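Accompanying notes for the structure given below.
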Amino acid sequence: MKPLVSIITPSYNQGRFISDTIESVLGQDYEYIEYIVVDGGSTDNTLDILKRYENRLKYISEKDSGQSDAINKGFRMAKGEIVAWLNSDDVYEPGCISKIISEFQKNSELGLLYGDGYIIDEHNKKLKVFEYTQKFDLWKLVNFWDYIMQPATFFRSSYLKKVDYLDVNLHYCMDWDLWIRLASVSEVKYMNELLACSREYGETKTSTGGTKRLKEIKSLLQKYSGKKNPLGIESYKASTFYTKHANSIWPIRKFAGFYLNYKHKLLDQKMPVIYEDGWIGKKACMDVPGYVKSVHITVETVLPKTYPQRIKVLINGKKELQLNVVQCGRQELVISLPEGKKINEITILCEKTAYVRNGDNRCLSVRLVAVETRCNNDINSVG
């Protein structure tokens, strides 16, 4: 039997956009949809619009304590096995619900599924594909930035209840905070499909948040990374500065753009990255949820000048083990993780690096051939 999908739309005075949002949900080709609109007591024409659809959706209109509170009301009303929220100025792509259902049916441990999406303007014109979405990387989510586009996300209701929904104390980062908490108790998957459209215009909360938004981002990154100055803070400071001056006179606008690009280049150099092909430089970091008991990493050393090699592994900043590589080949690192933490950070430090030939200008050390996480007797390959 196909699962019921519950879609929640929080709304407040979005009469000019909410019809598009509603039509994008009701126009899906998936039959089993429960649609709930939670209105915060709108004073524009929102309620007149909702009344036109009252035979096809449920809605309430009453004062709330903010967007997170409104969404949580909808979550608690929802009866679906799969749940999502779609803001009252965003829209779904046709057929997106049908696309996500099969992924949830394949894996009962999947708590969060996300995909790609478009950025649209006030007139529904598709401006571009949201360029920041990438494959799931918990370390980047905890330490650097939120690369998940909110309208293109879907949750399993059992895990949503387990983490107790959205944090109503957050006004800008409640979605980012939810991604991290869901990742600490369930599996997360990226789906390479265009699922939704996020609307950008001058009055959006992200555009007008300024220093208040930056302060909340800083607090979130510090909370989950356990670090005073995670890399992401500098990135968001630069982005906030650019947004503030993007419409200033030409010299200031040009400087703001230069400053943003300069900061991002510096941060790229500091990023302890694991490349798509498994190679790492002098340092690489990965975060794993607390329910993972151990991580088994197969390391391959093939580059001349990178062996003999000394590899150190740190768990949450403390040295755990050391591997001495004396010749070319593969070796396995078995890393046991401490209990009681929601997220554990694994840092791999390599003593030697070398530049790759044949046009590849990366400075590399070793390649991670395979990364397996083990939860009790279950084995999951993550790379």
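Just so you know, in segment 306-337 the residues that are part of a loop (DSSP other than H, G, I, E, B) and not aliphatic (A, V, I, L, M) include one that is surrounded by the most Cβ atoms within 10 Å (Cβ to Cβ), and it is 307.
Note on segment 56-72: residues that are surrounded by 19 or more Cβ atoms within 10 Å (Cβ to Cβ) and under 23 Å from residue 164 (Cβ atoms) total 6.
For segment 340-359, check the following and say yes or no: at least one residue is farther than 23 Å from residue 287 by Cβ and in a strand (DSSP E or B). Checking segment 340-359: at least one residue is farther than 23 Å from residue 287 by Cβ and in a strand (DSSP E or B). So in segment 99-114, with the set limited to residues that are of a type outside the set (Val, Ile, Thr) and either in a helix (DSSP H, G or I) or in contact with a Cys (Cβ under 8 Å, 6 or more places away or on another chain) (or both), which one is farthest from residue 158 (Cα to Cα)? Of everything passing the filter in segment 99-114, 99 is farthest from residue 158 (Cα to Cα). Which pairs have Cβ atoms under 6 Å, sit 6 or more apart or on different chains, and link a residue in segment 341-366 that is at positive phi to one that is surrounded by fewer than 20 Cβ atoms within 10 Å (Cβ to Cβ)? Hits for this filter: zero, empty list. Name, by its number, the condition in (1) among the charged types (D, E, K, R); (2) touching a residue at least 24 places away in the same chain (Cβ under 8 Å); (3) surrounded by fewer than 23 Cβ atoms within 10 Å (Cβ to Cβ) that does not hold for residue 89. Here residue 89 meets the rest and fails (3). Filter segment 267-301 down to residues that are assigned to a strand (DSSP E or B) and of a type in the set (D, E, K, R), then give me how many there are. Residues meeting the conditions: 3. Taking the criterion of being part of a helix (DSSP H, G or I) and among the charged types (D, E, K, R), the residues of segment 72-98 that qualify are 73, 76.
In segment 1-14, is there at least one residue being within 27 Å of residue 108 (Cα to Cα), among the basic types (Lys, Arg), surrounded by 17 or more Cβ atoms within 10 Å (Cβ to Cβ) and within 29 Å of the chain's Cα centre (by Cα)?
No: zero hits.
Residues in segment 353-372 that are touching a Phe, Trp or Tyr at 6+ places or on another chain (Cβ under 9 Å) and crowded, with 18+ Cβ neighbours inside 10 Å: 364, 365, 366, 367, 368.
May I ask you to say which residue of 127, 110 is among the hydrophobic types (A, V, I, L, M, F, W, C) and over 19 Å from the mean Cα position of the chain (by Cα)? Steps first, please.
Numbers: 110 fails: over 19 Å from the mean Cα position of the chain (by Cα).
Unique residue meeting the criteria: 127.
The number of residues in segment 31-55 being surrounded by fewer than 20 Cβ atoms within 10 Å (Cβ to Cβ), in contact with a strand residue (DSSP E or B) (Cβ under 7 Å, 6 or more places away or on another chain) and in contact (Cβ under 8 Å) with a residue 24 or more places away in the chain comes to 5. Could you tell me whether residue 23 is farther than 26 Å from residue 111 by Cβ, modelled with pLDDT under 95 and not in a strand (DSSP E or B)? Against the criterion (farther than 26 Å from residue 111 by Cβ, modelled with pLDDT under 95 and not in a strand (DSSP E or B)), residue 23 does not qualify. Looking across segment 117-162, the residues that are surrounded by 20 or more Cβ atoms within 10 Å (Cβ to Cβ), farther than 17 Å from residue 182 by Cβ and modelled with pLDDT of 95 or more come down to 117, 118, 120, 130. The residue pairs whose first member lies in segment 175-199 and is more than 13 Å from residue 117 (Cβ to Cβ), whose second member is of a type in the set (Asp, Glu) and surrounded by 19 or more Cβ atoms within 10 Å (Cβ to Cβ), and whose beta carbons are closer than 8 Å, counting only pairs six or more residues apart or on different chains, are 175/146; 176/146; 179/146. Residues being within 30 Å of residue 321 (Cα to Cα), buried (at least 16 other Cβ atoms within 10 Å of the Cβ) and either hydroxyl-bearing (Ser, Thr, Tyr) or not assigned by TED's automatic domain parsing to the domain that holds residue 370 (or both) are represented in segment 292-304 by at least one member.
Considering the conditions (1) touching a Pro at 6+ places or on another chain (Cβ under 9 Å); (2) among the hydrophobic types (A, V, I, L, M, F, W, C); (3) in a loop (DSSP other than H, G, I, E, B), residue 197 is excluded by exactly one of them, (3). The set of residues in segment 119-174 being assigned to a helix (DSSP H, G or I) and of a type in the set (Ser, Thr, Tyr) consists of 157, 158, 159. Being surrounded by 14 or more Cβ atoms within 10 Å (Cβ to Cβ), more than 30 Å from residue 92 (Cβ to Cβ), aliphatic (A, V, I, L, M) and modelled with pLDDT of 85 or more: is that true of residue 280 here? Against the criterion (surrounded by 14 or more Cβ atoms within 10 Å (Cβ to Cβ), more than 30 Å from residue 92 (Cβ to Cβ), aliphatic (A, V, I, L, M) and modelled with pLDDT of 85 or more), residue 280 qualifies.
The values are calculated or read from the model by the stated rules, or taken from the named source; none is laboratory data. Quantities reported herein were computed from a predicted structural model and do not represent experimental measurements. Cβ sites come from the backbone with ideal geometry, for glycine too, and all protein chains shown count toward neighbours.
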